[in-house]
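We did not get these values from a lab; they are worked out from the coordinates using the rules stated. Small disclaimer: the values here were computed from a predicted structure and weren't measured. So basically every Cβ, Gly included, is an ideal-geometry build from the backbone, and we count neighbours across all protein chains shown.
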Amino acid sequence: MDEQERMNRRRFVELAPWHANGTLSEADRAWVDAYASEHPEARAELEWYGSLQRSVRANAPEVSAEIGFDRLRDRIRLENRRAASRRHAGALDRLLAPLRDGLASLFVEEDEKATQEVIVRRRSDHE
């Protein structure tokens, strides 16, 4: 198999499922049909894809398009609520940051005072 034939085969493999779905452009559909007419194994593959497509359509349950839309809408709403929650959390954090920092500095000052008292007591114990 030469390079051109490998490229044609690769193109056929890529396009065959879309051919079965009926979603190829006219030019691509014509190319696939021409390739399959020259290659019996390709024609068999197209027939297999066609039978698979028919089987899936025959056995797939009917699903209302509205169901898919409702699920998508619910996911969008959920993501919007999550994003709003993250924004609010960030705003609350920025609002409370000075209070948190102030309280933290008080604890640090208290720890420093306690440490100084311990140092003073130890010095007086040693004297």
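Divide the volume of the convex hull of the Cα atoms of the stretch 1-60 by its number of residues and quote the answer in cubic angstrom per residue. Intermediate values should be presented prior to the final figure.
Numbers: hull volume 4.4 nm³, N = 60.
So the per-residue Cα hull volume is 74 Å³.
So, in nm, how far is label Thr23 from label Leu95 when the simple model puts each one 7 Å beyond its Cα toward the Cβ?
For Thr23 paired with Leu95, the spin-label model returns 4.7 nm.
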